[in-house]
Amino acid sequence: MFRVLITDPLSEQGIEKLQEASDVEVVQKTNLTPAELLTEVAEADALIVRSQTQVTAEVIEAGSRLKAIGRAGVGVDNIDIPAATARGILVVNAPDGNTISTAEHTFAMLISLARNIPQGYKSTIQGEWKRKAFVGVELNNKKLGIVGLGRIGSELASRAQAFHMKVIAFDPYLTEERAKKMGVHKASLEEVIQEADFITVHTPLTKETRHLIDEAAFAKMKEGVRILNCARGGIISEQALYDAIQSGKVAGAALDVFETEPPGEHPLFTLPQVIATPHLGASTREAQENVAIDVSEEILHILRDEPFKNAVNLPSIPAELQEKLRPYQTLAEKLGSFAVQTTEGALEEITVTYSGELAELDTAPLTRIILKGAISHYLSDVNDVSAPHLAKERGIRVTEQKVSRSHGFTHLIHVGMKTDNGETAVSGTLLNGLGSRIVKINDYSVDVQPEGHLLLVQHHDRPGAIGQVGSILGDQGVNIATMQVGRKDVGGHAIMMLHVDKQMSEELLKRLKDLEEIDDVKAIDL
Ligand SMILES: NC(=O)c1ccc[n+]([C@@H]2O[C@H](COP(=O)([O-])OP(=O)(O)OC[C@H]3O[C@@H](n4cnc5c(N)ncnc54)[C@H](O)[C@@H]3O)[C@@H](O)[C@H]2O)c1
Ligand SMILES: O=C(O)[C@H](O)COP(=O)(O)O
């Protein structure tokens with residue numbers, strides 16, 4: 001039974017998805033204190049939040065059973081992603097479900113800002129009739145500068161165009177072609193700042209975007225510019241905005257998000273030019289249903305080891321590619337594990353070479369699995385989310401290569417490992433109907449099923465060597481299930497690859513190593 005903890009308000013439709021699942025127990029507890037959250041998360045297999053719950057490194061540390069954190073929405077800045085990645089916890093979001101709602105909310109803020117609707121409403125219901133005080137501006141023919149032309153920015157652009165606004169946009173990932181298709185002028189940040197009558201930000205909050213709109217940016221803006229932020233508090237410096245409104249440079253600002261939420265009695269609220277909503281961009285019935293259903297389905301997929309789409313800390317793998325790579329996953333993990341168990345010393349480098357039909361595919365997900373297979377030998381709780389992070393942290397270089405030649409196999413995965421004490425290599429393939437096979441160990445061709453307890457013996461090709469190994473194992477009651485021998489030259493170096501029925505003790509390995517004809521013995525458990 002998986003326990004899913006929900007700590008922010010989530011639409012019933014999403015909760016029902018989880019409740020309908022016979023393998024899930026749903027625990028919904030909102031408004032938890034930080035201490036209560038630490039206690040609750042310790043029992044959870046998955047955690048679902050919106051923007052309120054702060055999923056700090058401490059929370060992640062306390063969530064010793066956590067497999068996934070789901071964000072019912074887009075922004076994941078309330079989740080410590082590096083901490084989750086280091087612990088191998090998948091973070092997924094629901095990026096599509098609230099796009100329209102947020103674009104519509106931003107548009108509502110745009111019109112409200114242009115026409116002083118909130119100020120006019122407040123004054124009117126107080127019994128005033130100040131028609132001159134609330135004269136606004138038209139949107140028609142005005143320049144809307146969008147910073148961040150992603151999902152929400154793009155939807156906003158088309159709505160603004162319907163109101164005959166000229167849209168210019170800055171987004172480092174915006175191509176000329178896409179801008180043209182959308183009827184948007186691709187601009188630099190400088191251009192947007194200097195030319196726009198309305199500037200709206202729709203980027204995530206990152207190191208690069210924190211205070212992207214600061215004092216220097218305000219100084220370059222048009223007199224009477226109007227500013228909107230329905231993305232994340234902190235993209236616009238609140239102090240700089242305050243000063244720019246006070247100085248008369250900025251005619252008004254519409255804010256749905258704040259550097260600290262809730263913002264309390266914020267100095268900006270003392271300015272009549274500022275209109276505000278309490279982070280309502282995604283607060284529609286439709287958006288909340290969409291994101292709750294999307295994130296619940298994703299969490300169920302992850303808990304059940306099924307394919308999922310929207311991982312924030314794992315590159316997304318198209319479903320079609322996932323299907324193509326699925327058969328190779330076990331082989332990949334076994335190769336990583338096998339190879340590392342044949343090494344000695346500190347691992348420095350792993351080189352994975354894919355050949356044959358695998359060379360045509362994006363094999364990065366398999367490389368992560370190979371890495372997981374290798375690193376799991378040293379560390380517990382490694383998965384393909386944490387494996388690249390852990391490898392990097394330990395200074396292990398990982399390279400992937402593709403070659404077309406696959407030595408008579410339809411495909412081949414070759415894993416080379418370099419330690420501070422030498423090099424080793426293993427190649428494997430999938431045999432039609434027979435499953436995974438190791439077909440090469442260093443320079444020796446073999447045909448080994450990568451499972452169970454294996455013994456890799458490097459010896460001199462001399463009469464009696466094989467017999468000595470057999471009799472020592474026999475003495476100790478270790479049954480040999482299969483055995484293969486390979487050699488390069490008669491009388492030269494050779495290997496024995498044995499499947500044995502039980503795990504080998506250190507003492508037994510030492511007895512084998514002490515034999516004169518034996519160079520090295522490695523017990524490999526797969
Ligand atoms: N107010 C709300 O309730 C609400 C609701 C949904 C989303 N959001 C927020 O809105 C923002 C946008 O969401 P989205 O779904 O459109 O995301 P998105 O990922 O589709 O779009 C973000 C865009 O920003 C661009 N970008 C990144 N760094 C940039 C930079 N330095 N300069 C300019 N552009 C940059 C990206 O290329 C991308 O195109 C996010 O911060 C999200 O958290 C707020
Ligand atoms: O990033 C988002 O999806 C929005 O900011 C929505 O946040 P919320 O789920 O707290 O409404």
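For the range 362-415, the set of residues classified as buried (at least 19 other Cβ atoms within 10 Å of the Cβ), in contact (Cβ under 8 Å) with a residue 60 or more places away in the chain and in a loop (DSSP other than H, G, I, E, B) consists of Val382, Asp384, Val385, listed by residue number.
Quick check on the range 214-226. Is at least one of its residues over 22 Å from Ala244 (Cβ atoms), free of Cβ contacts under 8 Å to residues at least 60 places away in the same chain and not charged (D, E, K, R)? No, that holds for no residue.
With respect to the stated conditions, Ile472 fails to be within 21 Å of Ile524 (Cβ to Cβ) and in contact with a Gly (Cβ under 6 Å, 6 or more places away or on another chain). Of the set (1) within 16 Å of ligand 2 (Cβ to nearest atom); (2) closer than 21 Å to Ala68 by Cα, all apply to Ala276 but (2).
Of all the residues in the range 81-98, those that are crowded, with 22+ Cβ neighbours inside 10 Å and either within 16 Å of ligand 2 (Cβ to nearest atom) or more than 19 Å from the chain's Cα centre (by Cα) (or both) number 6.
Evaluating Thr30 against the criteria (1) within 16 Å of the chain's Cα centre (by Cα); (2) exposed (fewer than 15 other Cβ atoms within 10 Å of the Cβ) leaves one unmet condition, (1).
For the range 193-214, taking the residues that are of a type in the set (A, V, I, L, M, F, W, C) and in contact with a strand residue (DSSP E or B) (Cβ under 9 Å, 6 or more places away or on another chain), the one that is surrounded by the fewest Cβ atoms within 10 Å (Cβ to Cβ) is identified as Leu212.
A Cβ distance below 6 Å, combined with a sequence gap of six or more or placement on separate chains, defines the contacts here; from the range 270-283, residues that are without any contact (Cβ under 8 Å) to a residue 24 or more places away in the chain reach residues that are more than 8 Å from ligand 2 (Cβ to nearest atom) in the pairs Ala276/Leu255.
Taking the criterion of being at pLDDT 95 or above, among the β-branched types (Val, Ile, Thr) and either within 16 Å of ligand 1 (Cβ to nearest atom) or part of a loop (DSSP other than H, G, I, E, B) (or both), would at least one residue in the range 111-130 satisfy it? No; the residues of the range 111-130 include none that is at pLDDT 95 or above, among the β-branched types (Val, Ile, Thr) and either within 16 Å of ligand 1 (Cβ to nearest atom) or part of a loop (DSSP other than H, G, I, E, B) (or both). For the range 34-49, does any single residue satisfy the condition of being surrounded by fewer than 18 Cβ atoms within 10 Å (Cβ to Cβ), within 16 Å of ligand 2 (Cβ to nearest atom) and either of a type in the set (A, V, I, L, M, F, W, C) or farther than 27 Å from Pro307 by Cβ (or both)? No, there is no match, as no residue in the range 34-49 is surrounded by fewer than 18 Cβ atoms within 10 Å (Cβ to Cβ), within 16 Å of ligand 2 (Cβ to nearest atom) and either of a type in the set (A, V, I, L, M, F, W, C) or farther than 27 Å from Pro307 by Cβ (or both).
The values are calculated or read from the model by the stated rules, or taken from the named source; none is laboratory data. Since the model is a prediction, treat every value here as computed from it, not as a measurement. Positions of Cβ are backbone-derived with ideal geometry, glycine not excepted, and every protein chain shown enters the neighbour counts.
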